[in-house]
Amino acid sequence: MSKSQMSAGFAKFSSKTTKGAYDDARQNERIGRGIPFPVGTKGTAVVSSIICDETKADEKTGKKFPRVRVELSVETPEAARGKKLSGSGLMQTIKDGSDPAKWSAEQAWGAMLGLLEDMGLPEEVSKGYSDFQQCLDFFEEEPRVVSWEIQPNNYKNRQGVEVQGKQISAFAIVDEAAIPSADEAEGEIPEGKQCLYRGGKHVVLEENGDTLKLQSIGSGRVRENVDIEDVQMI
């Protein structure tokens with residue numbers, strides 16, 4: 001059990017944090033929470049949890065909203081093995097935006113399913129389930145491995161000041177045995193430097209400054225002008 005101490009001076013200060021700008025900071029979503037790595041860090045992880053819950057009650061309306069959160073357990077880099085990743089980029093709240101014509105709860109639901117597809121959920125499940133539990137069962141059947149990267153996600157707080165935030169980008173690592181082999185692909189796959197892009201292994205065909213030309217080892221598909229920041233060299 002931890003021991004806490006609070007001086008009289010700090011107690012006097014903390015009493016002011018439930019109003020004004022300090023309260024805004026208290027109520028703001030902590031965008032970087034659950035992201036214990038600096039921007040640019042990359043690695044692999046296992047989907048450890050899909051948490052389906054509700055947000056806290058809205059202060060003004062008292063409403064709660066459905067929310068889906070993905071939690072990852074880090075595999076690499078080895079020094080961070082076992083650490084948990086969650087937060088921005090791995091969660092979706094199901095509610096209308098300030099203008100439902102531009103962003104509706106239904107669109108948020110679709111975005112959430114897209115997030116699970118990024119984690120490896122097949123479209124035949126996401127588009128064909130009769131019970132949403134089927135989507136969750138997929139992640140319970142066996143470990144689902146993803147590649148991840150910490151990316152910048154700057155935003156403006158209630159005072160209009162830009163805050164430096166972070167978000168997690170993650171994509172399932174494709175099971176090479178489950179897709180067409182290189183021998184079946186159109187064109188021969190050349191040897192060369194390899195990388196992970198959106199979870200799939202690729203060969204680097206050309207390096208053009210900040211962009212790359214890649215070819216999928218599994219399908220043979222060629223991708224032009226891929227941002228070098230979006231790949232992980234292996």
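Just so it is clear, none of the values below were taken in a lab; they were calculated from the coordinates. Model, not experiment: these values are computed from the prediction. Positions of Cβ are backbone-derived with ideal geometry, glycine not excepted, and every protein chain shown enters the neighbour counts.
Taking a ≥ b ≥ c as the square roots of the eigenvalues of the Cα gyration tensor of segment 74-139, is the shape rounded (a/c under 1.5), prolate (a/b larger than b/c) or oblate? Note, shape of segment 74-139 comes out oblate.
Students often get this wrong, so check it: of LYS156/LYS213; LYS12/LYS156; LYS16/LYS156; LYS16/LYS83; LYS95/LYS201, which have C-alpha atoms separated by over 25 Å? Present the calculation step by step, with values, prior to reporting the outcome.
Values: LYS156/LYS213 35 Å; LYS12/LYS156 29 Å; LYS16/LYS156 23 Å; LYS16/LYS83 35 Å; LYS95/LYS201 36 Å.
Flagged as over cut-off: LYS156/LYS213; LYS12/LYS156; LYS16/LYS83; LYS95/LYS201.
For the modelled label position 7 Å from the Cα of THR76 along Cα-to-Cβ, which residues of segment 199-233 have backbone nitrogen atoms closer than 11 Å? Zone members listed by number: 232-233. A Förster distance of 45 Å, applied to the separation of the beta-carbon atoms of VAL222 and LYS127, puts the FRET efficiency at 0.95. Backbone amide hydrogens, once placed in the peptide plane, bring GLY120 within less than 5 Å of ALA172, excluding anything fewer than 5 places away on its chain. Karplus-derived 3J(HN,Hα) values for segment 142-159, using 6.51 cos²θ - 1.76 cosθ + 1.60 with θ = phi - 60°, are 6, x, 10, 9, 10, 9, 9, 8, 8, 10, x, 8, 6, 8, 9, 7, 5, 8 Hz; glycine and proline are entered as x.
The modelled label-to-label distance for the pair GLU140/ASP58, using points 7 Å beyond Cα in the direction of Cβ, is 3.2 nm.
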